[in-house]
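Everything below concerns the one structure shown next.
Just so it is clear, none of the values below were taken in a lab; they were calculated from the coordinates. As the structure is a computational prediction, the values presented were derived from the model and not from experiment. Every residue, glycine as well, gets a Cβ built from its backbone with ideal geometry; the counts of neighbours run over all protein chains shown.
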Amino acid sequence: MLNRIVTGAHYGLRDWLIQRITAVVMVLYTLGIVGYLLFSQCLITTPGHCCFQAMWYAPSLSYSCSAFFIMPGSCVRDIVMDYVNPVLVRLTIHVLVILTLLLYTIWSVQILWGM
């Protein structure tokens, strides 16, 4: 019989699905930004601060950037749970990663929405 020490780890389809959804959202964001920059008049006619500032004022870009910055945090937990074996070290790193990601999320929201 196999005894597992449960330390907050989830085993199964949910973690796998979250990683795949995160990857799809990040690829769509990257393709969207590249497409916008390639087909936008900002790069063709008058590249400058005003044009790029107007681009960042668009709510759709602010929402997608916020989602892009938040998405990797859902996968960092799985990496820590898979590759760090001592339970105390794993939970310490897990808490530090959560606090760091929370700080980065607040910072990115402040940058994106504080214009």
Would you work out the Kirkwood radius for the range 13-113? I mean one over the mean of 1/r across all pairs of different Cα atoms, in Å.
15.8 Å
Given a Förster distance of 22 Å, report the FRET efficiency between residue 112 and residue 28 from their Cβ-Cβ distance, rounded to the nearest 0.05.
0.80
Contour minus end-to-end for residue 98 and residue 37, with contour as 0.36 nm per residue of separation and end-to-end as the Cα-Cα distance?
18.7 nm
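Mind giving me the FRET efficiency for residue 70 and residue 50? R0 is 25 Å, r the Cβ-Cβ distance, nearest 0.05 is fine.
Efficiency computed from Cβ-Cβ geometry: 0.30.
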